[in-house]
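The values are calculated or read from the model by the stated rules, or taken from the named source; none is laboratory data. Owing to the predicted nature of the structure, the values given are computational and were not obtained by experimental measurement. Here the Cβ positions follow ideal geometry from the backbone for every residue, glycine too, while neighbour counts run over all protein chains shown.
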Amino acid sequence: MIKGLMITPPVIGRIAIGKVVERNGKRLPEKDDEFTITTQVQTRGQWILHPLDEALRQTQSNGIKEGPKPSLSDGNEEGDGSLQPTASVQPSPRTGRRSLREKMGVVTDAQQATDSQAQPAAAATTATTSTRRKLRSIPVRVLFNDPDLNLRAHYTLFDRSTARPVCVGDGESSKRVTSQGLASMSCPGPDACAFGQDGCKPYGRLNLVIGDSDELGSFVFRTTGFNSIRTLTARLQYFAAVSGGHLAGMPLELKLRGKSTTQSHRSAIYYADLVVRSGLTLNEAIAQAQELATQRQAAGFDQQALDEAAKLGYANGSFEDSPEEAADIAEEFYPESTLPESLAKPATHAETPHPASPPAPFTGSQTKPQGMRRQGVNGTHRPYA
């Protein structure tokens, strides 16, 4: 094993809430009200959709509610897409006397042609409407029984020019890049740290299993939002506790939720949540998790050894994100509009690939890398989903 290289769970795809769009000559991240499952390949500046994305959108009989809008409260879901307005039945207009041909049920050739053209058009419209459903729930499982192995969340400060982490901490201790190399220091948190003021923020990565084609391959969901990180952390710890440590066998569902706050100017912001899969109660989900654990143990599957291997892999390196991922992370979470003019790169067309910039050498004069801060129009910090 190469020392200094963090070994992370194999990633076969991405889960995102939004996309990167070109606006006013700049590529900026744009939040969305649904999930998007993509591969790890880009074309024309956009991530290629994974086949599971379209498959889940077309699924209607698996109990996954993909159509309704994210819940803006605990009890109600605003704009429930599953409750379609029923068309009022209009009485057929009464005409005068019917002709003999109409009484016998014989229609003209023109009427037959009109009806034959109207039926395929109506069917095509219905098919188009049903195939593009909002993907707001994804059936998932996790890889490990230890919640902290599935979701890694830290306070992270990125360098503006390279988008690579220079300080990663958990509120107690941190690893920081200095002129003498990597150093371990105390971490008071972003609010009380002068080094990461206005730039340090939470950054989480959640690995999830979708489907059964690759039971050890995962889709990664990255987020810098307090709401997503706090909710996902609590859910994973709770499910691990109530299932007796059989978290990896729990049938779960990644769900999109919405909320409004004063900081968001009462507009809806969206975050991710983990719940028991639709159609199951918590007791049924726990029973399935225990049954799956028994089946795996009978087949020789050692879940405890898998968790231990993951712990050793995480402890083998200092920073999780690889250098080639730096440009993608910067584009998604640190838009160019937040960079000063001296560091902002000129915008290019969506078809032109964006090569990753080489890492800038760290010198002693760089006493503090300037962090990035996403701001709203009034200068206040905008909440992250």
Cβ pairs under 8 Å, 6+ apart, first in region 307-330 and within 23 Å of residue 166 (Cβ to Cβ), second part of a helix (DSSP H, G or I) and modelled with pLDDT under 90: 321/329
- request: Look through region 1-55, keep the residues that are of a type in the set (Ser, Thr, Tyr) and surrounded by fewer than 18 Cβ atoms within 10 Å (Cβ to Cβ), and return whichever of them is nearest to residue 137 (Cα to Cα).
  value: 36
query: Would you call residue 271 among the hydroxyl-bearing types (Ser, Thr, Tyr) and within 18 Å of the chain's Cα centre (by Cα)?
result: yes
query: So, in region 273-314, of the ones that are closer than 30 Å to residue 226 by Cβ and hydroxyl-bearing (Ser, Thr, Tyr), which residue ends up surrounded by the fewest Cβ atoms within 10 Å (Cβ to Cβ)?
result: 281
- prompt: Restricted to region 187-218, and to residues that are without any contact (Cβ under 8 Å) to a residue 40 or more places away in the chain and touching a strand residue (DSSP E or B) at 6+ places or on another chain (Cβ under 6 Å), which residue is surrounded by the most Cβ atoms within 10 Å (Cβ to Cβ)?
  reply: 187
query: Hey, does region 243-260 have a residue that's free of Cβ contacts under 8 Å to residues at least 40 places away in the same chain and either in a helix (DSSP H, G or I) or not β-branched (Val, Ile, Thr) (or both)?
result: no
- prompt: Quick one: which of 249, 258 is at pLDDT below 95, more than 24 Å from residue 174 (Cβ to Cβ), crowded, with 19+ Cβ neighbours inside 10 Å and of a type in the set (Gly, Ala, Ser)?
  reply: 258
message: Against the definition (surrounded by 16 or more Cβ atoms within 10 Å (Cβ to Cβ) and not basic (Lys, Arg)), how does residue 236 come out, yes or no?
response: yes
message: Can you say whether residue 196 is small (Gly, Ala, Ser) and on the phi < 0 side of the Ramachandran plot, as far as the supplied structure shows?
response: yes
message: Take residue 266 and tell me if it is free of Cβ contacts under 8 Å to residues at least 60 places away in the same chain and part of a helix (DSSP H, G or I).
response: no
Residue within region 222-234 that is under 24 Å from residue 10 (Cβ atoms) and aromatic (Phe, Trp, Tyr) present: no
